[in-house]
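The values are calculated or read from the model by the stated rules, or taken from the named source; none is laboratory data. The model shown is predicted, which means the values in this text are computed figures rather than measured ones. Note that each Cβ is placed from the backbone with ideal geometry, even for glycine, and that neighbours are counted across all protein chains shown. For the accessible areas, the whole protein counts, side chains as well, though only heavy atoms, and no ligand, DNA or RNA atoms are used. Shrake-Rupley method; radii C 1.70, N 1.55, O 1.52, S 1.80 Å.
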Amino acid sequence: MKDLSHLVKAYDVRGVVPTDWDEPLAELFGAAFVEVTGADAIVIGHDMRPSSPGLSRSFARGAAARGADVTEIGLCSTDELYYASGALGLPGAMFTASHNPAQYNGIKMCRAGAAPVGQDTGLAQIRELVERWSADGAPEPVPATGSVTQRDVLEDYAAHLRGLVDLSGIRPLKVVVDAGNGMGGHTVPTVFEGLPIELDALYFELDGSFPNHEANPLDPANIVDLQARVREVGADLGLAFDGDADRCFVVDENGDPVSPSAITALVAARELAKAPGATVIHNCITSWSVPEVVAENGGTPVRTRVGHSFIKQEMARTGAIFGGEHSAHYYFRDFWNADTGMLAALHVLAALGGQDGPLSQLVAGYDRYAASGEINSTVDDQAGRLAAIRAAYEGRPGITLDELDGLTVTAADWWFNVRPSNTEPLLRLNAEARDQETVERVRDEALAIIRG
């Protein structure tokens, strides 16, 4: 039996085309998706990668062969697919490999209302079916195949987002947007249409070969062009989207990066103004600023593990109004608990345009600590290195440890988290302190243990 463990990850399907998977396998995934979800209708979208249209069509063919009616929305961002899943009440599949290089592709799947499909919520069963069918042949056909129709939801998606943020009366803003040749080039013009925004577009041409830079704005190398352009044209801010445009990264008027934790805190304060006392989710490596701002604005902060499935589970469990991660994923109750960088961007525009000061001044109150950023170390023994860190800090006066996700070590003036990668022999370190000197000391001490 074919082993697809290398292809089916914790939250999605992702691999090199055609080495790891191809259109015939995509067709089996479409059939298995319908079988596991029990859906009689689904919605499918895809990004601009050269392999995406063919894989998407094959998935649709497999789904229709199991009796499901398929709505194809064509080129879209991942959060546009989530919109379609929520608005139409249908399970959905998005063909994208997000920020991965051009030779990769993948499938992000959800149930109706954009509810996530992960290993514990259907993905393991989908994998088992595809493995069996790829070995034994396709499943028996059903009595009646489903239909395949096309529908454009871009205008509806844009209108829905604009309806969630009050942008009336904001001052004119000059905004540079770097789409990285990804799906932001498709969605941003429609979402921003009619707003008092002078848009300076960088790399809006849809090109899945990513000719200018990787579509991963968390890597500092990939926002250099955006930073330079913001300074060159005197823009009020810059926005960078990843390949499937579900994450958004912000730089201020000086071209300086704005921490995703600061954006999380800013948006949390705005959402709490609409829903006093509500819950806000943050993961265990977001800044101390986030729970502080949530509490200061009358909300209840709830801390989770890193990863969208944990955030979405906690949002559903607690009825949280908003959630944010260090990776620039932002989740909204009003968007079916799904992540949308575009909606976070609109909140930033509304906050900036609703007052006269620059963005650097606006976010200063939300960015209170010095941070290391995420530092990866290749290790042979993840568990052994984590045990060494625990042994080094356990029992020290004023130190607390917790294992919500990896190991978090906390003192009065600093904290750090070390957690293992699920897919690589890496340990990921994030540290924060009240000043730069302290965070550098804490970082170096932790790295010395991690790296032996």
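Pairs are defined by a Cβ separation below 8 Å, a sequence spacing of at least 6 or placement on different chains, a first member in region 357-380 that is closer than 15 Å to Ile285 by Cβ, and a second member that is open to solvent by 50 Å² or more (accessible area, probe 1.4 Å); the pairs so defined are Tyr369/Trp288; Tyr369/Arg434; Ala370/Arg434; Ala370/Asp435; Ala370/Gln436; Ser372/Glu440; Ser372/Arg443; Ile375/Arg443.
Of the residues that sit in region 45-69 and are assigned to a loop (DSSP other than H, G, I, E, B) and open to solvent by less than 10 Å² (accessible area, probe 1.4 Å), which one is farthest from Gly30 (Cα to Cα)? Across region 45-69, the extreme among qualifying residues is Arg49. Restricted to region 422-452, and to residues there that are of a type outside the set (Asp, Glu) and in a loop (DSSP other than H, G, I, E, B), the residue that is modelled with the highest pLDDT is Arg434. For the subset of region 366-383 comprising residues that are open to solvent by 40 Å² or more (accessible area, probe 1.4 Å) and under 23 Å from the mean Cα position of the chain (by Cα), which member is farthest from Asp413 (Cα to Cα)? The qualifying residue farthest from Asp413 (Cα to Cα) is Asn376.
On the given criteria, is Asn254 over 15 Å from the mean Cα position of the chain (by Cα), surrounded by fewer than 24 Cβ atoms within 10 Å (Cβ to Cβ) and under 18 Å from Ala344 (Cβ atoms)? Before the answer, list the steps.
Working: over 15 Å from the mean Cα position of the chain (by Cα): yes; surrounded by fewer than 24 Cβ atoms within 10 Å (Cβ to Cβ): yes; under 18 Å from Ala344 (Cβ atoms): no.
No: the conditions fail for Asn254.
The residues listed here are Ala102, Ala97; of these, the one that is open to solvent by 10 Å² or more (accessible area, probe 1.4 Å), hydrophobic (A, V, I, L, M, F, W, C), in contact with a Lys or Arg (Cβ under 9 Å, 6 or more places away or on another chain) and part of a loop (DSSP other than H, G, I, E, B) is Ala102.
Restrict the check to region 50-58 and report whether at least one residue is basic (Lys, Arg) and in contact (Cβ under 8 Å) with a residue 40 or more places away in the chain. Give the steps one after another, and end with the answer.
First, the residues of region 50-58 that are basic (Lys, Arg): 57.
Restricting the remaining residues to those that are in contact (Cβ under 8 Å) with a residue 40 or more places away in the chain gives none.
Scanning region 50-58, I find no residue that is basic (Lys, Arg) and in contact (Cβ under 8 Å) with a residue 40 or more places away in the chain, so the answer is no.
Here Thr400 clears all of (1) closer than 20 Å to Pro291 by Cα; (2) of a type in the set (Val, Ile, Thr); (3) surrounded by 14 or more Cβ atoms within 10 Å (Cβ to Cβ) except the condition numbered (3).
Within region 397-450, track down each residue that is basic (Lys, Arg) and within 25 Å of Gly307 (Cα to Cα).
We begin by selecting, within region 397-450, every residue basic (Lys, Arg); these are 419, 428, 434, 441, 443.
Arg419, Arg428, Arg443 - these are the residues of region 397-450 that are basic (Lys, Arg) and within 25 Å of Gly307 (Cα to Cα).
Counted as qualifying within region 238-324 are the strands (runs of 3 or more DSSP E) with 1 or more residues that are of a type in the set (A, V, I, L, M), namely 248-251, 279-283, 300-304. Under the condition of being of a type in the set (A, V, I, L, M, F, W, C), within 17 Å of Glu271 (Cα to Cα), in contact with an Asp or Glu (Cβ under 7 Å, 6 or more places away or on another chain) and open to solvent by 10 Å² or more (accessible area, probe 1.4 Å), the residues counted in region 304-349 number 0.
List every residue pair whose Cβ atoms lie under 6 Å apart, where the two residues are 6 or more positions apart in sequence or sit on different chains, the first residue falls within region 215-232 and is charged (D, E, K, R), and the second residue, located anywhere, is at pLDDT below 95 and surrounded by 21 or more Cβ atoms within 10 Å (Cβ to Cβ). Every condition considered, no pair remains.
Residues being open to solvent by 40 Å² or more (accessible area, probe 1.4 Å) and under 17 Å from Ile285 (Cβ atoms): count how many of those fall in region 403-427. Break it down stepwise before answering.
Of all residues in region 403-427, those open to solvent by 40 Å² or more (accessible area, probe 1.4 Å) come to 403-404, 412-413, 420, 422-425.
Filter once more, keeping what is under 17 Å from Ile285 (Cβ atoms): 403-404, 420, 422.
So the count comes out to 4.
Are there any pairs with C-beta distances below 9 angstrom linking a residue in region 117-134 that is over 16 Å from Gly38 (Cα atoms) and open to solvent by 30 Å² or more (accessible area, probe 1.4 Å) to a residue that is of a type in the set (Val, Ile, Thr) and not in a loop (DSSP other than H, G, I, E, B), with the two at least 6 apart or on different chains, and if so which? Partner pairs satisfying both residue conditions: Gln119/Val8.
Of all residues in region 412-436, those being more than 27 Å from the chain's Cα centre (by Cα) and either touching a residue at least 24 places away in the same chain (Cβ under 8 Å) or at positive phi (or both) number 4.
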